[in-house]
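Enquirer: There's a structure below that I have some questions on.
Throughout, read-outs are computed from the coordinates displayed, never taken from laboratory work. Bear in mind that the values here come from a model prediction, so they are computed numbers and not experimental data. Virtual Cβ from ideal backbone geometry, glycine too; neighbours counted across all protein chains shown.
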Amino acid sequence: MIKDLLYTIPKNKHSVEDLKSILTLHPQIKFVSLVGVDLSGNDTDEKIPVSLFLDDIDTFLNGVAVQTDGSSVVLPGIATLNNAKVDMVADLNCNWFVDYNYDFIDPICNKPIGTLRIPCFLLHNDVAVDSRNILKSAITTFKENLWTIFNSNPEILASYKISKDDIEEIVITSATELEFWVKTPNNIAEIEELHTSQALHEQYWTRTKGAVRTAMEECLLLMDEYGFEPEMGHKEVGGVKAKLDSSGNFNHIMEQLEIDWKFSDAVQAADNELFIRILIQETFRRNGLEVTFSAKPLEGVAGSGMHTHLGISLKLKNGKRVNLFHTDENHFLSIIGYGALMGVLKNYEVMNPFISSTNTSFKRLKPGFEAPVCIVTSLGLSPDNPSRNRTILIGLIRDLSNPLATRFELRSPNPHSNTYITMAVSYMAMLDGMLYAVNNNKTQDELLAELSKGSGEKAEYLETDRAYRTEEDVFEHFSDEEIVKYFGNPPRTVIENISALDLYPEKLNILKRNNVMNDSLINSFRIAMTERWMTEIGNRTINRYMDEVRMCKCLHSLDRALDLDVSNWMKINDLRHYIMKDTYTTKSLFTRIKTALATNNLQVASDLSLELDEKMSLLRNLYSNYKKNLLDI
């Protein structure tokens, strides 16, 4: 670590006087960047000289100092070509981080050049339209309604032996777990080798080595300097053993890792996660390693999740903390906790489009890879035997010796999920269930009974034809037909997922409470995700598969081939033609998908994309078996 670097400017140091003093004492900070987060989760980054920032600091802190246009951010249908101006307004109520360029050292002070990243809100026609504001509005709405609950239902607090007057602050606590893959550039591991290593658990929690170890340790130390309070870095289930070259360095690295850090309040937690991703990518790059946060970078092996933890606590005037989800030893959850969990389960269909919004999201959300597919929870066999069921959508995390640890873990998000909107829709759904539980004077026993109901049993809040809780392994215990019957038919593509916004208008209204989200924002998000899906399928997926189809070449010689080799190759070649080759009378699968996209026939394109994934998987298996039967290649 380089001594005397400034890493963070806390929110209590954002006055004009403090900032002038801090930036004067740290001349290596040469630039300022206002960081807005659009609806796709993209963050803006511009380089404003510190001298300009200091000359006009009042405007930067208290007005609109920077503007951009609709082509710079993802706000379709809002920032249009004839009305594209977007204002950037600094958020003073959060921590600001300094992003250092360790490849560029200031020759005067001999320190890396730094950019002060200032989170901001994006305003269009004086209305905030960015992801950070959506989360901020959701948290404000959540807290306001919780105060109302405390006023009208004081018995809720009586169970904690406190009153409303004892509360100093409601704290919405959140955290994320970040999984990612690292590899040496241009090295490709065999999928079968990766799959075998995963099945044998050869990589999970094993010792890191070489550049991976160095980068991991450097990340954890840097995170500590920034005040993120890292808790753990370790190998995940995916990966293969690296190879040692003649110089003593490891190459052919292909490993899955996870880094965790301490929780924070919701908006700050999302800001932290955004910056930590940058820190991880840059740190591993300096160590010669590529990082990908794709939900499913490799077919047939584990994808990367970003499990999101959700909690609520009270900070009391006497300095103590109270977890609103925690309860006594006779129940799993408090009334507030049961209601919050039920809110997520009932309304997840309209949450999911904002969480799983990319093509690779659904490649990850498949049975067999510890990724959730069904809308179902697990509580545990009894209150004194907490569950750690990894096959469910949202789990209850409890530490019987630590009441403050009780929280929910939403397992569906991935590193490309928009953390701000993921948390926003989660807390809005939780609020809906909490209001049901409190306004209907439900007891813990009544809420547990409703949450544990079977499919076909009527309930006041949850749907009759659904079950919402199981303590079993969802993928092993239930057949495909039973999964659909009990837990609903999960979407398989972005298009199927987005259709829920039309299928469940009454559920969508819970996200619109207090105008946290509105029709304009929802429509903009829908357009953005649809256009991204179409572009990915038409330009990226098909092109990548095209290269893969062409790589499946005939390897046997006619004089040494057996009839089985010839038969195997004929099946492969027929499939290659079906996928890729047009004739005068037939169109390939590629062409049919492109035609459907060009004519905006999205449902057909969605169905054909599923068929394409199935055919490509079949092609890989056929080609692998074909190669294994050849003596000479």
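Enquirer: Is it possible to state the helix-based mean residue ellipticity at 222 nm for the chain, with each DSSP H run of 4+ residues giving -39500 (n - 2.57), the sum divided by total residues, to the nearest 500 deg cm²/dmol? What is it?
Expert: Value at 222 nm, helices only: -12500 deg cm²/dmol.
Enquirer: Whole-Hz Karplus ³J(HN,Hα) for region 293-304, in order, using 6.51 cos²θ - 1.76 cosθ + 1.60 and θ = phi - 60°, x for Gly and Pro?
Expert: 9, 4, 5, 8, x, 9, 5, x, 10, 4, x, 10
Enquirer: At a threshold of 8 angstrom on Cα-Cα distance, excluding pairs fewer than six apart, so keeping six or more, what relative contact order does region 530-628 reach in percent?
Expert: Dividing the mean separation by the residue count of region 530-628 yields 30 percent.
Enquirer: Now a separate question. For region 77-86, what does the Karplus curve 6.51 cos²θ - 1.76 cosθ + 1.60, with θ = phi - 60°, yield as ³J(HN,Hα) per residue in whole Hz, taken in order and with x for Gly and Pro?
Expert: Using θ = phi - 60°, the values come out as x, 10, 8, 8, 4, 8, 7, 9, 5, 10 Hz.
Enquirer: Right, here's the next one. Which of the helices in the chain meet the span-like rule: DSSP H, Cα axial reach of 20 Å or more, Kyte-Doolittle mean at least 0.0?
Expert: Answer set is 210-226, 266-286, 335-355, 419-439.
Enquirer: Further question on the same structure: Rank-order 427-438, 47-58 by packing density, defined as the average count of other C-beta atoms within 10 Å over each peptide's residues, highest first.
Expert: Details: 427-438: 24.3, 47-58: 14.2.
Highest to lowest by the protection proxy: 427-438, 47-58.
Enquirer: Between beta-carbons, use under 14 Å as the cut-off and find the net charge around Asp613, counting Lys and Arg +1, Asp and Glu -1.
Expert: Taking every other residue near Asp613 into account, the sum is +2.
Enquirer: For Phe263, Phe104, what ranking results if the residue with the fewest other Cβ atoms within 10 Å of its Cβ goes first?
Expert: Ranked by crowding around the Cβ, least crowded first: Phe104, Phe263.
Enquirer: Using a Förster radius of 30 Å, what is the FRET efficiency between Leu562 and Ser617 based on their Cβ-Cβ separation? Nearest 0.05, please.
Expert: Here the calculated transfer efficiency is 0.70.
Enquirer: If each of Asp502 and Lys627 carries a label point 7 Å out from its Cα toward its Cβ, how far apart are those two points in nm?
Expert: For Asp502 paired with Lys627, the spin-label model returns 4.3 nm.
Enquirer: Which of the lysines could a cross-linker span from Lys458 if the Cα-Cα distance has to be under 17 Å and same-chain partners fewer than 8 positions apart are dropped?
Expert: Lys346, Lys442, Lys485
Enquirer: Still on this structure, I have one more. Can you give the FRET efficiency for Leu316 and His234, using 1/(1 + (r/R0)^6), R0 = 45 Å, r = Cβ-Cβ distance, to the nearest 0.05?
Expert: With a Förster radius of 45 Å, E is 0.80.
Enquirer: Setting aside same-chain residues fewer than 8 positions from Lys20, which lysines have a Cα under 19 Å from its Cα?
Expert: Hits, sequence-local ones excluded: Lys11, Lys30, Lys47.
Enquirer: Considering only the other residues whose Cβ falls under 14 Å of the Cβ of Ala429, what net charge follows from Lys and Arg at +1 and Asp and Glu at -1?
Expert: Overall, the nearby charge balance is +1.
Enquirer: Packing-wise, with mean Cβ within 10 Å as the measure, how do 140-152, 69-81, 270-282 rank, highest first?
Expert: Those peptides, ordered most packed to least, come out 270-282, 69-81, 140-152.
Enquirer: Using 15 Å as the cut-off for backbone N distance, which residues of region 596-633 belong to the label zone defined by a point 7 Å from the Cα of Lys587 along Cα→Cβ?
Expert: 596-609
Enquirer: Would you work out which of Ser137, Asn509, Asn352 lies farthest towards the positive end of the dipole of the chain? Charges go on Cβ: Lys and Arg +1, Asp and Glu -1.
Expert: Asn352
Enquirer: Taking the beta-carbon count within 10 Å as an exposure proxy, list Leu612, Leu345 from fewest neighbours to most.
Expert: Lowest to highest Cβ neighbour count: Leu612, Leu345.
Enquirer: Also, quick follow-up: Size of the dipole of the chain about the Cα centre, Lys and Arg at +1 and Asp and Glu at -1 on the beta carbon, nothing else charged, in debye to 20?
Expert: With Lys and Arg at +1 and Asp and Glu at -1, about 860 debye.
Enquirer: Name the residue from Pro230, Phe362, Asn272 whose Cα lies farthest towards the positive end of the charge dipole of the chain, charges +1 on Cβ of Lys and Arg and -1 on Cβ of Asp and Glu.
Expert: The residue sitting farthest along the positive end of the dipole is Phe362.
Enquirer: Can I ask one more? For region 502-570, state which trypsin sites (Lys or Arg not before Pro) are in a DSSP loop and have at most 11 other beta carbons lying within 10 Å of their beta carbon.
Expert: Lys553, Arg560
Enquirer: In square nanometres, what is the average projected area of the Cα convex hull of region 309-390?
Expert: If you wrap the Cα atoms of region 309-390 in a convex hull and average its projections, you get 7.4 nm².
Enquirer: Based on the mean of other beta carbon atoms within 10 Å per residue, what is the order of 373-385, 584-596, most packed first?
Expert: Result, highest mean Cβ count within 10 Å first: 373-385, 584-596.
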